[in-house]
1. Which of the following residues is touching a Gly at 6+ places or on another chain (Cβ under 8 Å) and surrounded by 15 or more Cβ atoms within 10 Å (Cβ to Cβ): C72, C55, C46?
2. Restricting the search to segment 1-52, which residues are over 10 Å from the mean Cα position of the chain (by Cα) and of a type in the set (F, W, Y)?
3. Filter segment 75-91 for residues that are among the aliphatic types (A, V, I, L, M) and surrounded by 14 or more Cβ atoms within 10 Å (Cβ to Cβ); which is nearest to A21 (Cα to Cα)?
4. I need the full set of residues from segment 1-17 which are among the small types (G, A, S) and under 10 Å from K56 (Cβ atoms), in order please.
5. Collect the residues in segment 8-24 that are assigned to a helix (DSSP H, G or I), surrounded by 13 or more Cβ atoms within 10 Å (Cβ to Cβ) and either free of Cβ contacts under 8 Å to residues at least 24 places away in the same chain or among the charged types (D, E, K, R) (or both), keeping them in residue-number order.
6. Can you name the residue in segment 25-42 that is surrounded by 20 or more Cβ atoms within 10 Å (Cβ to Cβ) and in contact with a Phe, Trp or Tyr (Cβ under 9 Å, 6 or more places away or on another chain) and, of all such residues, is nearest to T71 (Cα to Cα)?
7. Return only the number of the condition from (1) assigned to a loop (DSSP other than H, G, I, E, B); (2) farther than 24 Å from E7 by Cβ that P69 does not satisfy.
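FYI, it's all coordinate maths here, none of it is from the lab. Since this is a predicted model, take the numbers as computed values, not measurements. Cβ sites come from the backbone with ideal geometry, for glycine too, and all protein chains shown count toward neighbours.
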Amino acid sequence: MKPLGSEREHYWLALSMAKAAGVDLQAAIDDGRFDQKSWAATVQRCRGCEWGSECKYWLREHHEIDSAPATCANAGLFDDLKALKEVQKPS
């Protein structure tokens, strides 16, 4: 198991990946799809991600994407948050 990465660095990496994938984490918190405990777990998963060292370079080239790459430890979470947002949209 690799050592965990810097909290500060992975805070920003997770936030940047969510933004690139079209996930507004603050809106998710505001509408109850996400909370502070979940955010802490998101950053922790990012810190332990095997792909973390490549992530920052990848994000420089990919500012808007449909979903986070499968190599991202939080890809499933970001996809779920987007899907829940779509379900909650008023018709």
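1. Working: C72 fails: touching a Gly at 6+ places or on another chain (Cβ under 8 Å); C55 fails: touching a Gly at 6+ places or on another chain (Cβ under 8 Å).
Of the residues listed, the single one that is touching a Gly at 6+ places or on another chain (Cβ under 8 Å) and surrounded by 15 or more Cβ atoms within 10 Å (Cβ to Cβ) is C46.
2. F34, W51
3. Taking segment 75-91 first, the residues among the aliphatic types (A, V, I, L, M) are 75, 77, 81, 83-84, 87.
Right, trim to surrounded by 14 or more Cβ atoms within 10 Å (Cβ to Cβ) and you get 75, 77, 81, 84.
Details: A75: 9, L77: 11, L81: 10, L84: 14 Å.
Looking at the filtered set, the residue picked out is A75.
4. Correct list: S16 only.
5. Kept after step one, since they are assigned to a helix (DSSP H, G or I), are these residues of segment 8-24: 8-20.
Of the ones still in play, those that are also surrounded by 13 or more Cβ atoms within 10 Å (Cβ to Cβ) are 9-20.
Those that are assigned to a helix (DSSP H, G or I), surrounded by 13 or more Cβ atoms within 10 Å (Cβ to Cβ) and either free of Cβ contacts under 8 Å to residues at least 24 places away in the same chain or among the charged types (D, E, K, R) (or both): E9, W12, L15, K19.
6. Going through the qualifying residues, I end up with T42.
7. Here P69 meets the rest and fails (2).
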